[in-house]
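No value in this document is a laboratory result; all are computed from the given coordinates. Quick caveat, the model's predicted, so the values are computed rather than measured.
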Amino acid sequence: MDGTALLLVAALVVALFVYFLPTGIAQQRRHRERTPIFLLNLLLGWTFMGWVAAFVWSLTSNVEPSGPLEEHSFEPETLPAVTSGERDPLFPRAVALCVQHQAGSTSLLQRHFNIGYIRAARLIDELEAAGIVGPLNTAGLREVLIRPEPHNG
């Protein structure tokens, strides 16, 4: 293979990589809508607007939860109710996350669930009211009052 053909093959590989970048990002992030993103990328990715739409869509925060959190089975009905109304839909996953990491903080919830401070603070308040985490101590941390279940495996 001469130098020109090798350069052409290299350019083609790079172009294909960039063309399917949105699909790869969606796959890597475990996006819930990987197939529609792939189809948009495949069929309209050759237009700049189609590629940008697929790229932006692949970066949205609609991702599936990661493995270990799904192993815990915390039933919201068995925990004490919060007096201010309904629980946040993320409450059971927040319980599992705090128990798994043995830490409860707004920043942990913000980073893991990609939510804002206000929602994370409300979740921490719900966790404290339910007896999952303790009150804020002098170091600014909360003790998790529930220990993880041992795995029989």
Handout entry: For region 3-59, the Rg and Dmax computed from alpha carbons only, in angstrom
Key = 12.6, 43
Exercise for the section: May I ask for the distance between the Cα centers of region 98-153 and region 1-29, given as a whole number of Å? Expected result: 43
Exercise for the section: Enumerate the amide H contacts of Val133 below 5 Å, restricted to partners 5 or more residues apart or on another chain; note that Pro and chain-start residues carry no placed amide H. Expected result: Glu128, Leu145
Fill in the blank from the handout: Note, region 31-43: 3J(HN,Hα) by Karplus (6.51, -1.76, 1.60, θ = phi - 60°), whole Hz, Gly/Pro = x, goes 5, 5, 10, 4, 5, x, 5, 4, 5, 4, 5, 5, 8
Completion exercise
For region 48-59, in residue order, the Karplus 3J(HN,Hα) values (coefficients 6.51, -1.76, 1.60; θ = phi - 60°; whole Hz; Gly and Pro = x) are 4, 5, x, 5, 5, 4, 5, 5, 5, 4, 5, 8
